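K.L.:
I'd like to ask some things about the structure below.
The values are calculated or read from the model by the stated rules, or taken from the named source; none is laboratory data. These figures come from a predicted structure and were not determined experimentally. Please note that ligands, DNA and RNA were not included when accessible areas were found on the heavy atoms of the full protein model with its side chains. Shrake-Rupley method; radii C 1.70, N 1.55, O 1.52, S 1.80 Å.
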Amino acid sequence: VTGAAKVHNANELEVGGTYMFLYGIYANPNNANGVKAAVFLRSLLKGAEVSCRILAYTQDNVATGECFVGDVNINQLLVQNGFSQKVTLQ
């Protein structure tokens with residue numbers, strides 16, 4: 001899936017019309033760090049083309065994916081910057 005991204009919160013994006021969770025990471029969207037993560041994502045993704053590789057679907061059929069801006073892995077970037085916890089991300 002490729003396209004412009006709309007950030008819903010630190011864990012959820014809409015890319016090219018596809019709603020998805022960022023795979024393998026988690027940031028509480030209701031605490032200060034989660035809010036900072038969403039601001040960081042909005043700044044990073046503003047005007048950028050984002051590509052996501054869908055890796056799985058939830059039981060509610062919501063895509064979960066690993067997303068990139070160019071060759072930068074957004075999921076890993078959130079972990080590396082201390083915004084998200086690595087849950088299953090390699």
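K.L.:
Ordering 12, 49 by accessible area with a probe of 1.4 Å, largest first, what comes out?
P.N.:
From most accessible down to least: 49, 12.
K.L.:
Out of all DSSP beta bridges with both ends in the chain, state the antiparallel percent to the nearest 5. Walk me through the numbers before you get to the answer.
P.N.:
Numbers: 20 of 23 bridges.
Approximately 85 percent, going by the DSSP bridge assignments.
K.L.:
Just read off the accessible area of residue 6 with the full protein assembly in place, 1.4 Å probe, to the nearest 10 Å².
P.N.:
For residue 6, solvent-accessible area is about 120 Å².
K.L.:
Further, regarding this structure: Need one number: the % of Cα-Cα pairs in the chain sitting beyond the 21 Å mark.
P.N.:
Taking all Cα-Cα pairs of the chain, the fraction more than 21 Å apart is 19 percent.
K.L.:
Sorted by accessible area (1.4 Å probe), largest first, how do 26, 19 line up?
P.N.:
Greatest to least solvent exposure: 26, 19.
K.L.:
Using 0.36 nm per residue, how much length does the chain from residue 59 to residue 8 gain when fully extended, once their Cα-Cα distance is taken away?
P.N.:
Full extension from residue 59 to residue 8 adds 16.4 nm.
K.L.:
Keeping all protein chains in the complex and leaving out DNA, RNA and ligands, what accessible area do you get for residue 55 with a 1.4 Å probe, in Å² to the nearest 10?
P.N.:
Residue 55 exposes around 80 Å² with every protein chain in place.
K.L.:
Okay, next question. Given H placed on each backbone N at 1.01 Å, which residues far from residue 55 in sequence or on other chains put an amide H within less than 5 Å of it?
P.N.:
Amide H to amide H, under 5 Å and 5 or more residues apart or across chains, residue 55 pairs with 64, 65, 66.
K.L.:
With all protein chains present, how much of the accessible area of the chain (probe radius 1.4 Å) comes from carbon and sulfur, to the nearest whole percent?
P.N.:
That fraction is 48 percent.
K.L.:
Quick one: what are the phi-derived ³J(HN,Hα) couplings along region 52-69, Karplus 6.51/-1.76/1.60 with θ = phi - 60°, whole Hz, x for glycine and proline?
P.N.:
10, 9, 6, 9, 6, 10, 6, 5, 8, 6, 9, 5, 10, x, 9, 10, 9, 10
K.L.:
Here's a follow-up. Kindly write out, for region 32-48 in residue order, the coupling ³J(HN,Hα) from the Karplus curve 6.51 cos²θ - 1.76 cosθ + 1.60 (θ = phi - 60°), rounded to whole Hz, with x marking Gly and Pro.
P.N.:
Calculated HN-Hα couplings, in order: 4, 5, x, 5, 4, 4, 5, 5, 4, 4, 4, 5, 5, 8, 4, x, 8 Hz.
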